[in-house]
Amino acid sequence: MKQKNKKITIVGFGYIGCIIGSYLASQGYCVTGIELNDHIIKSINNGFPPFHEPGLAHLVKAGIDSRRLTITKECDAIKESDVILVTVGSPLNDSGDADLNHLSQALDRIKPYLQKDQLLILKSTLPPGTSRDFVWPQLSNKNLLLAFCPERLAEGRALADLTTLPVIIGGINQEAALAASQFWIEALNVETIIVENTTTAELVKLADNLWVDVNIALGNELAKISDKLNIDVLEVIAAANTLKKNNSNVNILLPSLGVGGYCLTKDPWFLHAMGNRLGIDLKIPAVSRKVNESMPEYSVCLIDRYFQNLSKKSEEISIGVLGLSFKNNTSDCRFTPTKPAIEKLLSLGYTVRIYDPLLTQEDAFSLTGIEMSSSISDCVTNVDCVAYFAGHDEIINFSLENLLRLTNKNALIFDGRRFFNKTEINNIKSLGFTYKGVGRI
C-alpha cells in the first residue's frame, strides 16, 4: 500500500496528537483525530491549533482545508485505519504514580472497533511494563501489532524534532516492532531504533526526562552557589561543558525560574514510584524534583531581597512579569513555574502585572487571577521591576531603550529565563537599570 493511501487514527488530539496528526496529513495521509474535548474539536475544525507551536497553525489549516485532517468524538474511523496512535495523557495521581485512567478509558472506547493486523502504537508516557502487563492482555485476542514508541518532542521546536530525532520502538513482538519501524521511516524519513521490547522503550522515555530534570537541577544548584559567590553561573557552565567524557562533553543545562510542562514535572516521579514497587529506594528522581520545584520561590526571594536591601516596602513596588508559559515560544502553561512565582510575589504584597503574547486574556486570568495587560508597554509602564519569566520572541525583541522610557528610574531587570549575555547585561547597567538573574550578576 502506498503511503499516501494509508489511513491513520490518532486517539487523543492534544499537544502531541495534534502535532503528529497535522504533520502526517501534510504528507498525504488521511488522518482522523478522536478527541472528547469540545474546545479542541472546535478549534481544529475552525483551522486553528488550540495552542501555539511554531509552524503548526499552517499545517492544521491546510489539513482541514484539504479534508485530509478531520476530528471527531466518534471511533468509527478506527475500523478502516491502517495505523492507530494513542496519545492520551498519563498524569500523576495523588500517590505519586501514573494515573492510567485516561489510557484505560481510551482502550475501552476503541476496542470494539479494532481489526486484525492493524498497527497500534502507544505514545503516552507509561511506567515500564504497562504495555506488556496492562494493555496487551486486553488486546491480545484482537491479533493486533502493538508497539510502544515514546514521544520525544520538545515544545517550541516540536515539528523540527518530529522529522529529525530517531524514533525509539519497542514491539510486543518482532513483527510489531518491524511494522512500526517501517511506518515511521515512511512517514517521517527518520532513523528508527528498535529496542528489545515495549518495557525497554518505556524506560527509555523516563530515562531521557530524568536526565533532563537532573541536569537542570544541577544547573540550579550551581546557580545558588554562584549567587553567594557573586559570579556568573552561565560562565561556569559554559566552561565546565567543554570537558570531554567518552564520546561527548559534560552537558550541564541552564538554570532558570523553574521547570514546568507536562512531562518533566511527573516522569521522574513515575521512576521513583517504580523503584518503590521493585523494592529500590531511588534517590535521584525525588532530589531533582525537589530542587527544581524550589526555584520559583528562590527566584522571588532574589527579587524580594533586592528591594529589602533598598529598604523599600513590597506594597510600594510594582512588578511587570513578561511571559507566563513554562518555556520560551510556547503557550503551554501546564505546571508552569511562573504560577507559584507570581503567587509568592502577591503573598509578599507586591503589585503584579502580567503579559504573555502567546496567551489569551482568558487563559492568563485563569492561570493567575490577574487581568493581563494589553501589551508589553502597558505591562511595564511605571513599574519598579521587569521580571522576564519567559523569553518569547516578541518579549526579546522589545528594546531596552523602550523599557527605559517606560519603567520607573533605576528599575530592576530580573532574568528568570531570558538569558541575557554579558554584552546585554553591561548595556542594561549602562542604561541605569539594575540587573539580577538566577545565578547571574
Taking the Cα centre of the chain as the origin, how large is its charge dipole in debye, to the nearest 20, when only Lys and Arg (+1) and Asp and Glu (-1) carry charge on their Cβ atoms? 460
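Please rank Thr360, Thr200, Thr9, fewest neighbouring Cβ atoms within 10 Å first, as an exposure proxy. Mind dumping the intermediate values first?
Working: Thr360 11, Thr200 15, Thr9 27.
By the 10 Å Cβ count, ascending, the order reads Thr360, Thr200, Thr9.
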Taking the square root of 5 times each eigenvalue of the Cα gyration tensor, what semi-axes in Å does the equivalent ellipsoid of the range 211-269 have, largest first? 21, 18, 7
Could you give me the ³J(HN,Hα) list for the range 141-149, computed from phi with Karplus coefficients 6.51, -1.76, 1.60 and θ = phi - 60°, whole Hz, x at Gly and Pro? 7, 8, 6, 8, 9, 10, 9, 10, 10
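Multiply the residue gap between Ser399 and Ser311 by 0.36 nm, knock off their C-alpha separation, and tell me the result in nm, one decimal place. It would help to have the intermediate numbers written out before the result.
On the way: separation 88, 0.36 × 88 = 31.68 nm, distance 2.94 nm.
Between Ser399 and Ser311, full extension yields 28.7 nm more.
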Spin-label pair Gln361/Gln105, simplified geometry with 7 Å Cα→Cβ offset, distance in nm: 3.2
Exposed-loop cut sites defined as GluC sites (Glu not before Pro) in DSSP loop states with at most 12 other Cβ within 10 angstrom; longest site-free run of the chain spans 197-370
Near the amide H of Val321, under 5 Å away, which other amide H atoms are found, from residues 5 or more places off or on another chain, if H is placed in the peptide plane? Arg353, Ile354, Tyr355, Ala387
Under a point-charge model restricted to the Cβ atoms of Lys and Arg (+1) and Asp and Glu (-1), what is the dipole moment magnitude of the range 313-418 relative to its Cα centre, in debye to the nearest 20? 300
How much net charge surrounds Ala390 when only the other residues with a Cβ under 13 Å from the Cβ of Ala390 are counted, with Lys and Arg +1 and Asp and Glu -1? -2
Over the chain, what relative contact order in percent results from Cα pairs under 8 Å that are six or more residues apart? 12
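Kindly rank 119-126, 301-308 from highest to lowest mean number of other beta carbons found within 10 Å of each residue.
Numbers: 119-126: 24.9, 301-308: 16.6.
The peptides rank, most packed first, as 119-126, 301-308.
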Taking the simple approach of a point 7 Å from Cα along Cα-to-Cβ for both Ala57 and Arg277, what is their distance in nm? 4.2
For labels at Asn230 and Ser374 in the simple 7 Å Cα→Cβ model, what's the distance in nm? 4.5
Phi-based couplings in Hz for the range 211-225 (Karplus 6.51, -1.76, 1.60; Gly and Pro marked x): 4, 4, 4, 5, 6, 5, 4, 4, x, 5, 5, 5, 5, 5, 5
What is the Cα convex hull volume of the range 309-440 when expressed per residue in Å³? 103
Would you mind counting up the charge near Gly129? Only other residues with Cβ under 14 Å from its Cβ, with Lys and Arg at +1 and Asp and Glu at -1. -1
Kirkwood Rh in Å, taken over the range 3-196 so that all alpha-carbon pairs contribute: 16.7
Mean separation of Cα pairs under 8 Å and 6+ residues apart, divided by the residue count of the range 234-441: what relative contact order is that in percent? 19
Under the helix-only model (-39500 (n - 2.57) for each DSSP H run of 4 or more, divided by the residues of the chain), the mean residue ellipticity at 222 nm, to 500 deg cm²/dmol, is -12500 deg cm²/dmol
Answer with one residue from Gly258, Phe326, Phe419: the one whose Cα lies farthest towards the positive end of the charge dipole of the chain, charges on Cβ with Lys, Arg +1 and Asp, Glu -1. Phe419
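With both bridge residues required to lie in the chain, what share of the DSSP beta bridges run antiparallel, to the nearest 5%? Mind showing how you got there, number by number?
On the way: 6 of 47 bridges.
Bridges in the chain are about 15 percent antiparallel.
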Scan (1) 73, 49, 39; (2) 70, 54, 52; (3) 61, 59, 43 for the value of Cα extents along the principal axes in Å calculated from this model and give just the label. (1)
Sequence-distant residues sharing a close amide H with Thr336 (under 5 Å, placed H): Gly261
Quick check: net charge around Cys333, other residues with Cβ under 15 Å of its Cβ, Lys/Arg +1 and Asp/Glu -1? -3
Tell me, what ³J(HN,Hα) does each residue in the range 314-322 have, in order and in whole Hz, if you take phi through Karplus 6.51 cos²θ - 1.76 cosθ + 1.60 with θ = phi - 60° and put x for Gly and Pro? 4, 5, 9, 10, 10, 10, x, 8, 10
How high is the relative contact order of the range 353-441, in percent, counting Cα pairs under 8 Å that sit 6 or more residues apart? 25
Total charge dipole magnitude, the range 234-441, about the Cα centre, Cβ charges on Lys, Arg, Asp, Glu only, Debye to nearest 20: 840
If each residue of separation counts as 0.36 nm, what is the full-extension length gain between Asn45 and Asn251 once their alpha-carbon separation is subtracted? 69.9 nm
For Val167, other-chain or 5+-apart residues with amide H closer than 5 Å (H placed, Pro excluded) are Glu191, Thr192, Ile193
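Each reported figure results from applying straightforward, stated rules to the coordinates on display, with no laboratory input. What you are looking at is a predicted structure, and each value in this text was computed from that prediction instead of being measured. As a convention, Cβ positions derive from the backbone with ideal geometry for all residues, glycine included, and neighbour counts pool all protein chains shown.
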